[in-house]
1. Of all residues in segment 68-103, which are within 18 Å of the chain's Cα centre (by Cα) and more than 22 Å from L40 (Cβ to Cβ)?
2. Tell me yes or no: at least one residue of segment 76-93 is closer than 29 Å to P154 by Cβ and either of a type in the set (S, T, Y) or in a loop (DSSP other than H, G, I, E, B) (or both).
3. Among the residues of segment 166-191, write down those that are basic (K, R) and touching a helix residue (DSSP H, G or I) at 6+ places or on another chain (Cβ under 7 Å).
4. With respect to K199, determine if the residue is surrounded by fewer than 16 Cβ atoms within 10 Å (Cβ to Cβ) and either farther than 28 Å from A103 by Cα or modelled with pLDDT under 80 (or both).
5. For segment 99-122, which positions are among the hydroxyl-bearing types (S, T, Y) and surrounded by 15 or more Cβ atoms within 10 Å (Cβ to Cβ)?
6. Could you list, in sequence order, the residues of segment 184-195 that are farther than 10 Å from R251 by Cα and assigned to a helix (DSSP H, G or I)?
7. Go through the residues of segment 237-251 one by one and say whether even a single one is surrounded by 13 or more Cβ atoms within 10 Å (Cβ to Cβ), modelled with pLDDT under 80 and of a type in the set (S, T, Y).
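The values are calculated or read from the model by the stated rules, or taken from the named source; none is laboratory data. Predicted model, so just to flag it, every value in this text is computed and none were measured. As a convention, Cβ positions derive from the backbone with ideal geometry for all residues, glycine included, and neighbour counts pool all protein chains shown.
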Amino acid sequence: MIGHEKVIAYLKSLRERGALGHGYIFYGPAMVGKKLAALLFANYLEHGKFEEDGVMGDLMLLAPPASGPGSGSIGIDAVRDIKNFLWRKPNASPRRTLIIDDADLLTTEAQNALLKITEEPPASSLLILITSDITGILPTIQSRLPKIYFGTVPGTVKKAMGKPGLAWRLENDGAFKERIGLAEKLLKTPAAERRDVIKKIIEPEDFNFRKFLDAMVVVLAWRGAGKENAALWHKALQLYDRETNFSLNPRLQLESFLA
(Lines give C-alpha, C1' and ligand atoms only; values in the text may rest on other atoms or scores of the structure.)
Protein backbone atom coordinates (compact mmCIF):
# COMPACT_ATOMS: atom_id res chain seq x y z
CA MET A 1 0.00 0.00 0.00
CA ILE A 2 1.55 3.29 -1.14
CA GLY A 3 0.44 6.46 0.61
CA HIS A 4 -2.87 7.13 2.41
CA GLU A 5 -1.25 6.78 5.84
CA LYS A 6 -3.83 9.04 7.50
CA VAL A 7 -6.73 7.08 6.04
CA ILE A 8 -5.16 3.78 7.13
CA ALA A 9 -4.61 5.10 10.66
CA TYR A 10 -8.22 6.28 10.78
CA LEU A 11 -9.56 2.90 9.64
CA LYS A 12 -7.49 1.09 12.25
CA SER A 13 -8.70 3.46 14.94
CA LEU A 14 -12.33 2.66 14.10
CA ARG A 15 -11.72 -0.96 15.06
CA GLU A 16 -9.60 -0.12 18.10
CA ARG A 17 -12.14 2.39 19.47
CA GLY A 18 -15.13 0.14 18.81
CA ALA A 19 -16.46 2.85 16.50
CA LEU A 20 -16.71 0.83 13.27
CA GLY A 21 -19.93 1.56 11.42
CA HIS A 22 -21.85 -0.80 9.15
CA GLY A 23 -20.87 0.85 5.89
CA TYR A 24 -18.61 3.36 4.14
CA ILE A 25 -18.06 4.85 0.70
CA PHE A 26 -14.42 4.99 -0.47
CA TYR A 27 -14.33 7.59 -3.24
CA GLY A 28 -11.76 9.53 -5.24
CA PRO A 29 -9.85 9.33 -8.54
CA ALA A 30 -9.46 5.98 -10.26
CA MET A 31 -6.44 3.79 -9.50
CA VAL A 32 -5.26 5.56 -6.34
CA GLY A 33 -5.67 2.55 -4.02
CA LYS A 34 -9.31 2.58 -2.82
CA LYS A 35 -10.03 -1.08 -3.51
CA LEU A 36 -6.67 -2.22 -2.13
CA ALA A 37 -7.27 -0.26 1.07
CA ALA A 38 -10.68 -1.92 1.45
CA LEU A 39 -9.21 -5.38 0.93
CA LEU A 40 -6.38 -4.77 3.38
CA PHE A 41 -8.81 -3.41 5.95
CA ALA A 42 -10.91 -6.57 5.63
CA ASN A 43 -7.71 -8.54 6.23
CA TYR A 44 -6.91 -6.35 9.24
CA LEU A 45 -10.31 -7.19 10.74
CA GLU A 46 -9.87 -10.91 10.11
CA HIS A 47 -6.13 -11.45 10.68
CA GLY A 48 -5.01 -8.33 12.56
CA LYS A 49 -2.62 -7.22 9.79
CA PHE A 50 -3.09 -4.34 7.35
CA GLU A 51 -1.50 -6.29 4.53
CA GLU A 52 -2.19 -9.12 2.09
CA ASP A 53 -2.07 -12.22 4.25
CA GLY A 54 -3.77 -15.43 3.22
CA VAL A 55 -7.33 -16.40 2.46
CA MET A 56 -10.18 -14.39 3.94
CA GLY A 57 -13.29 -16.41 4.71
CA ASP A 58 -15.38 -13.44 5.81
CA LEU A 59 -14.89 -11.33 2.67
CA MET A 60 -16.97 -10.99 -0.49
CA LEU A 61 -15.82 -8.82 -3.42
CA LEU A 62 -18.41 -7.80 -5.99
CA ALA A 63 -17.57 -6.04 -9.28
CA PRO A 64 -19.17 -5.59 -12.71
CA PRO A 65 -18.57 -8.53 -15.09
CA ALA A 66 -15.68 -7.74 -17.44
CA SER A 67 -17.43 -9.28 -20.44
CA GLY A 68 -20.51 -11.19 -21.50
CA PRO A 69 -24.16 -10.52 -20.57
CA GLY A 70 -24.52 -7.75 -18.03
CA SER A 71 -20.95 -6.50 -18.46
CA GLY A 72 -20.49 -2.90 -17.40
CA SER A 73 -23.14 -2.99 -14.66
CA ILE A 74 -24.12 -4.74 -11.42
CA GLY A 75 -27.71 -5.93 -11.40
CA ILE A 76 -30.36 -6.83 -8.87
CA ASP A 77 -29.47 -10.55 -8.81
CA ALA A 78 -26.01 -9.76 -7.44
CA VAL A 79 -27.52 -7.71 -4.63
CA ARG A 80 -29.80 -10.62 -3.72
CA ASP A 81 -26.69 -12.79 -3.38
CA ILE A 82 -25.29 -10.18 -1.00
CA LYS A 83 -28.04 -10.89 1.52
CA ASN A 84 -27.08 -14.56 1.71
CA PHE A 85 -23.51 -13.54 2.51
CA LEU A 86 -24.12 -10.73 5.00
CA TRP A 87 -26.79 -12.47 7.07
CA ARG A 88 -24.49 -15.35 8.01
CA LYS A 89 -22.33 -14.98 11.11
CA PRO A 90 -18.59 -14.37 10.54
CA ASN A 91 -16.11 -17.15 11.20
CA ALA A 92 -12.89 -15.36 12.18
CA SER A 93 -13.55 -11.64 11.74
CA PRO A 94 -15.84 -9.45 13.85
CA ARG A 95 -17.55 -8.49 10.56
CA ARG A 96 -18.46 -10.17 7.30
CA THR A 97 -17.15 -7.59 4.85
CA LEU A 98 -18.73 -6.93 1.46
CA ILE A 99 -16.74 -4.75 -0.94
CA ILE A 100 -18.49 -3.48 -4.09
CA ASP A 101 -16.01 -2.17 -6.66
CA ASP A 102 -17.25 0.40 -9.21
CA ALA A 103 -20.37 0.78 -7.11
CA ASP A 104 -21.57 3.59 -9.38
CA LEU A 105 -22.27 0.84 -11.93
CA LEU A 106 -24.98 -0.68 -9.75
CA THR A 107 -28.27 -0.38 -11.62
CA THR A 108 -30.95 1.80 -10.06
CA GLU A 109 -32.91 -1.33 -9.15
CA ALA A 110 -29.83 -2.83 -7.51
CA GLN A 111 -29.09 0.37 -5.60
CA ASN A 112 -32.65 0.50 -4.27
CA ALA A 113 -32.26 -3.08 -3.03
CA LEU A 114 -28.91 -2.15 -1.48
CA LEU A 115 -30.53 0.83 0.25
CA LYS A 116 -32.80 -1.55 2.15
CA ILE A 117 -29.73 -3.40 3.40
CA THR A 118 -28.14 -0.15 4.62
CA GLU A 119 -31.34 0.75 6.46
CA GLU A 120 -31.37 -2.48 8.50
CA PRO A 121 -27.85 -3.96 8.28
CA PRO A 122 -27.00 -7.19 10.09
CA ALA A 123 -25.08 -6.49 13.29
CA SER A 124 -21.97 -8.34 12.08
CA SER A 125 -21.85 -6.82 8.56
CA LEU A 126 -19.58 -4.23 6.94
CA LEU A 127 -20.33 -2.76 3.51
CA ILE A 128 -17.69 -0.79 1.59
CA LEU A 129 -18.63 0.86 -1.71
CA ILE A 130 -15.74 1.80 -4.02
CA THR A 131 -16.32 4.50 -6.62
CA SER A 132 -14.53 7.02 -8.82
CA ASP A 133 -17.87 8.70 -9.61
CA ILE A 134 -19.73 9.58 -6.42
CA THR A 135 -22.58 11.10 -8.45
CA GLY A 136 -23.42 7.62 -9.73
CA ILE A 137 -24.53 6.52 -6.25
CA LEU A 138 -28.04 7.40 -5.13
CA PRO A 139 -28.21 10.33 -2.68
CA THR A 140 -30.28 8.15 -0.33
CA ILE A 141 -27.39 5.66 -0.08
CA GLN A 142 -24.84 8.46 0.27
CA SER A 143 -26.81 9.89 3.17
CA ARG A 144 -26.57 6.60 5.08
CA LEU A 145 -22.88 5.79 4.55
CA PRO A 146 -19.95 7.96 5.72
CA LYS A 147 -17.57 8.91 2.89
CA ILE A 148 -13.80 8.49 3.01
CA TYR A 149 -11.85 10.33 0.32
CA PHE A 150 -8.74 8.93 -1.38
CA GLY A 151 -6.69 11.49 -3.32
CA THR A 152 -3.67 11.07 -5.57
CA VAL A 153 -0.41 10.11 -3.86
CA PRO A 154 2.51 12.59 -3.90
CA GLY A 155 5.91 11.34 -4.96
CA THR A 156 4.85 8.43 -7.17
CA VAL A 157 6.24 7.94 -10.66
CA LYS A 158 5.40 10.98 -12.80
CA LYS A 159 3.87 8.97 -15.62
CA ALA A 160 1.47 7.41 -13.11
CA MET A 161 0.08 10.85 -12.18
CA GLY A 162 0.05 10.12 -8.46
CA LYS A 163 -1.92 6.90 -8.93
CA PRO A 164 -0.17 3.80 -7.57
CA GLY A 165 -2.75 1.59 -9.25
CA LEU A 166 -1.90 3.08 -12.62
CA ALA A 167 1.80 2.45 -12.05
CA TRP A 168 1.04 -1.18 -11.21
CA ARG A 169 -1.18 -1.64 -14.26
CA LEU A 170 1.39 -0.11 -16.60
CA GLU A 171 3.89 -2.66 -15.31
CA ASN A 172 1.73 -5.76 -14.91
CA ASP A 173 -1.62 -5.51 -16.73
CA GLY A 174 -1.14 -6.65 -20.33
CA ALA A 175 -4.73 -5.91 -21.37
CA PHE A 176 -4.49 -2.37 -19.98
CA LYS A 177 -1.19 -1.75 -21.76
CA GLU A 178 -2.79 -2.97 -24.98
CA ARG A 179 -5.66 -0.48 -24.56
CA ILE A 180 -3.13 2.29 -23.92
CA GLY A 181 -1.40 1.38 -27.19
CA LEU A 182 -4.70 1.38 -29.09
CA ALA A 183 -5.67 4.77 -27.64
CA GLU A 184 -2.30 6.24 -28.63
CA LYS A 185 -2.64 4.79 -32.13
CA LEU A 186 -6.14 6.20 -32.56
CA LEU A 187 -5.11 9.69 -31.46
CA LYS A 188 -2.18 9.67 -33.92
CA THR A 189 -4.26 8.38 -36.86
CA PRO A 190 -5.05 10.94 -39.62
CA ALA A 191 -8.70 11.96 -39.74
CA ALA A 192 -9.31 10.19 -43.08
CA GLU A 193 -8.25 6.83 -41.61
CA ARG A 194 -9.84 7.01 -38.16
CA ARG A 195 -13.09 5.26 -39.06
CA ASP A 196 -11.27 2.09 -40.08
CA VAL A 197 -9.09 2.14 -36.96
CA ILE A 198 -12.14 2.60 -34.72
CA LYS A 199 -13.85 -0.39 -36.37
CA LYS A 200 -10.83 -2.58 -35.65
CA ILE A 201 -10.62 -1.38 -32.03
CA ILE A 202 -14.26 -2.12 -31.20
CA GLU A 203 -14.43 -5.35 -33.25
CA PRO A 204 -13.48 -7.88 -30.50
CA GLU A 205 -16.46 -9.43 -28.69
CA ASP A 206 -14.95 -8.57 -25.31
CA PHE A 207 -14.45 -4.87 -26.17
CA ASN A 208 -15.33 -2.74 -23.15
CA PHE A 209 -15.99 0.90 -23.99
CA ARG A 210 -15.58 2.15 -20.42
CA LYS A 211 -12.18 0.50 -20.07
CA PHE A 212 -11.05 1.91 -23.41
CA LEU A 213 -12.09 5.39 -22.30
CA ASP A 214 -10.03 4.82 -19.12
CA ALA A 215 -6.98 4.35 -21.32
CA MET A 216 -7.89 7.31 -23.53
CA VAL A 217 -8.10 9.64 -20.51
CA VAL A 218 -4.65 8.49 -19.33
CA VAL A 219 -3.03 8.99 -22.76
CA LEU A 220 -4.54 12.47 -23.13
CA ALA A 221 -3.25 13.41 -19.67
CA TRP A 222 0.25 12.32 -20.72
CA ARG A 223 0.16 14.50 -23.83
CA GLY A 224 0.37 17.71 -21.83
CA ALA A 225 -1.74 20.75 -21.11
CA GLY A 226 -1.94 22.25 -24.60
CA LYS A 227 -5.25 23.82 -25.54
CA GLU A 228 -6.23 21.07 -27.98
CA ASN A 229 -5.21 18.24 -25.64
CA ALA A 230 -6.97 19.86 -22.70
CA ALA A 231 -10.18 20.17 -24.73
CA LEU A 232 -9.98 16.52 -25.81
CA TRP A 233 -9.27 15.42 -22.23
CA HIS A 234 -12.38 17.20 -20.96
CA LYS A 235 -14.43 15.70 -23.79
CA ALA A 236 -13.11 12.24 -22.88
CA LEU A 237 -14.14 12.72 -19.24
CA GLN A 238 -17.62 13.86 -20.31
CA LEU A 239 -17.94 10.87 -22.62
CA TYR A 240 -16.83 8.59 -19.78
CA ASP A 241 -19.57 10.01 -17.55
CA ARG A 242 -22.20 9.59 -20.28
CA GLU A 243 -21.11 6.02 -20.92
CA THR A 244 -21.57 5.26 -17.23
CA ASN A 245 -25.20 6.37 -17.28
CA PHE A 246 -26.34 5.56 -20.82
CA SER A 247 -25.97 2.78 -23.37
CA LEU A 248 -23.87 4.40 -26.10
CA ASN A 249 -22.72 3.26 -29.52
CA PRO A 250 -18.89 3.15 -29.22
CA ARG A 251 -18.24 3.65 -32.94
CA LEU A 252 -20.46 6.72 -33.27
CA GLN A 253 -19.21 8.21 -30.02
CA LEU A 254 -15.52 7.81 -30.89
CA GLU A 255 -16.05 9.23 -34.37
CA SER A 256 -17.86 12.23 -32.90
CA PHE A 257 -15.28 12.60 -30.13
CA LEU A 258 -12.40 12.92 -32.63
CA ALA A 259 -14.29 14.92 -35.25
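1. Of all residues in segment 68-103, those within 18 Å of the chain's Cα centre (by Cα) come to 70-75, 78-79, 97-103.
Selection gives G70, S71, G72, S73, I74, G75, A78, V79.
2. Taking every residue of segment 76-93 in turn, none turns out to be closer than 29 Å to P154 by Cβ and either of a type in the set (S, T, Y) or in a loop (DSSP other than H, G, I, E, B) (or both).
3. R169, K177, R179, K185 - these are the residues of segment 166-191 that are basic (K, R) and touching a helix residue (DSSP H, G or I) at 6+ places or on another chain (Cβ under 7 Å).
4. yes
5. T107, T118
6. Of everything in segment 184-195, those that are farther than 10 Å from R251 by Cα and assigned to a helix (DSSP H, G or I) turn out to be E184, K185, L186, L187, K188, A191, A192, E193, R194.
7. yes
Residues checked against (1) closer than 21 Å to L105 by Cα; (2) free of Cβ contacts under 8 Å to residues at least 60 places away in the same chain; (3) surrounded by fewer than 18 Cβ atoms within 10 Å (Cβ to Cβ); (4) of a type in the set (D, E, K, R):
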residue: L166; (1), (2), (3), (4): yes, no, no, no
residue: G174; (1), (2), (3), (4): no, yes, yes, no
residue: I180; (1), (2), (3), (4): no, yes, no, no
residue: L186; (1), (2), (3), (4): no, no, no, no
residue: P190; (1), (2), (3), (4): no, yes, yes, no
residue: E205; (1), (2), (3), (4): yes, no, yes, yes
